[in-house]
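Notes to accompany the following structure.
Only the coordinates and a few stated rules stand behind these numbers; no lab work does. Since the model is a prediction, treat every value here as computed from it, not as a measurement. Cβ: placed from backbone, ideal geometry, glycine included. Neighbour counts: every protein chain shown.
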2 protein chains.
Amino acid sequence: MGKGDDTRTAILDRGVRLATRVGLEGLTIGRLATELKLSKSGLFGHFRSKEALQIQVLDAAAERFVDEVVKPAVREPRGEPRVAALFDRWLAWTKSNSGPGGCLFVASAAELDDRPGPVRDRLVALQKGWLEMIAIIFRTGVTDGAFRPDLDPEDFAHDLYSVMLGFHHAARLLRDPRAEDRAHAAFGRLLSTARRPR
Amino acid sequence: MGKGDDTRTAILDRGVRLATRVGLEGLTIGRLATELKLSKSGLFGHFRSKEALQIQVLDAAAERFVDEVVKPAVREPRGEPRVAALFDRWLAWTKSNSGPGGCLFVASAAELDDRPGPVRDRLVALQKGWLEMIAIIFRTGVTDGAFRPDLDPEDFAHDLYSVMLGFHHAARLLRDPRAEDRAHAAFGRLLSTARRPR
DNA sequence: CCTACCGATCGGTAGG
DNA sequence: CCTACCGATCGGTAGG
């Protein structure tokens, strides 16, 4: 790993933080360069287009997301503990990137949903991957006998993500102190619907 | 109503549409002026700052939202029919401002949640008003005996809005054809929890 | 409502 | 990785 790679890593790290605050569109090359004490063209050389920078920032965030949210959850036992860990880690991720920040993917979703192009395509792929990960984790719980086998894992993933989006909105825009309690309550109701009766 | 007022109305109308597509930050004076075949400074004169334009665009959207979503719902009988009408109208609003577009308030939420200032303050006030409207409509249903009196109307409002946000994400970013079915199913579950047992 | 203009910043290029 | 630069666009002002 040479010096160029270090610089690249530093750029992407800072880029994730900046984009989380100001959006992927607000992530300008000039501003990012100033924050890193690089020249604009020096930074630009690492990418070649703003679009490439945006996509690589999304990928860098996804990598961190897997490390901080997905991997720790998958270490938990299948079924409820694993789903609960996924949910708690997601809340922690959103709060930690959150003073200020929030979740880059949620922030980008509304920003990009009407702007066709490779950046949007990448975000869509990442979000579908995330929903699929939730569905897989639910499915292993079905196999283990923890969850009802007649439920659609993708429905469950959609419903769980709705709870997360509701939390993000209440906590980050409205600064509602009850946001987390409500998220936990909604999660509990979702789980009790999914639990296999015995 | 003089000619100046007509122009103003036309500007705000177009501004709502443009901001829904490109965000409140992407709503530039120059672009809006070009679309309306006005000079930049001619348009600018109606407002005096971009911030004032953004706030008035939010207010104009809120006015339309009340006409298209809230008022028709309130004409329905209290309890379930009224809540169901509110939900259906909201879905229709999001879809109609949606080819392309979506809901300006949802789009602005993630964009502004980290940018303190009067525009954010206005959006927060409008969103709190919307959640309060849901809570009030729920409360009249409690009074009428349709909904459980031991539920917190603001919890209900939060949970209903979570379902809406989940729909927005699935429909607009992921273009998921099952988004609407899932939203209706989640709404049905929410209602069955809220229904007063008899 | 207009033309004409301001300084700042944008993404990107030339050339080293 | 840099300086120096390009044309385009930004929010906003002067003056009418």
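Dividing the Cα radius of gyration by the Kirkwood radius, what Rg/Rh value follows for the protein assembly as shown?
Numbers: Rg = 22.2 Å, Rh = 22.4 Å.
Here the Rg-to-Rh quotient is 0.99.
Which residues does a label at A:GLU35 reach in segment B:109-124, if reach means a backbone N under 19 Å from a point 7 Å past the Cα toward the Cβ?
B:110-117
Trypsin sites (Lys or Arg not before Pro), restricted to segment A:8-115: which are DSSP loop and have at most 14 other Cβ atoms within 10 Å? Could you put the intermediate results ahead of the total?
On the way: sites: A:ARG8, A:ARG14, A:ARG17, A:ARG21, A:ARG31, A:LYS37, A:LYS40, A:ARG48, A:LYS50, A:ARG64, A:ARG75, A:ARG78, A:ARG82, A:ARG89, A:LYS95; in loops: A:LYS37, A:ARG48, A:ARG75, A:ARG78.
Those satisfying the criteria are A:LYS37, A:ARG48, A:ARG75.
What is the Cα centroid distance between segment B:118-155 and segment A:94-150, reported in whole angstrom?
Measuring centre to centre over Cα atoms gives 28 Å.
Straight-line reach only, C-alpha to C-alpha below 26 angstrom: list the lysines that A:LYS128 could link to, leaving out same-chain residues fewer than 8 apart.
Within the straight-line limit of under 26 Å, A:LYS128 reaches these lysines: A:LYS50, A:LYS71, A:LYS95, B:LYS95.
So how tilted is helix A:153-168 from the main axis of chain A? Cα-based, degrees 0 to 90, rounded to 10.
For A:153-168 against chain A, the angle is about 60 degrees.
Once the Cα gyration tensor of segment A:14-138 is diagonalised, what are the square roots of 5 times its eigenvalues, in whole Å and ordered largest first, as equivalent ellipsoid semi-axes? Please list the in-between numbers first.
Values: eigenvalues 173, 48, 29 Å².
They are 29, 16, 12 Å, listed largest first.
Going by alpha carbons, how many degrees (0 to 90, nearest 10) lie between the helix axis of B:3-26 and the longest principal axis of chain B?
The helix B:3-26 is inclined about 70 degrees to chain B.
Given R₀ = 22 Å, FRET efficiency for A:ARG115-A:ALA10 by Cβ-Cβ distance, to 0.05? All intermediate terms of the calculation are to be shown ahead of the outcome.
Working: r = 28 Å, r/R0 = 1.26.
Efficiency, rounded to the nearest 0.05: 0.20.
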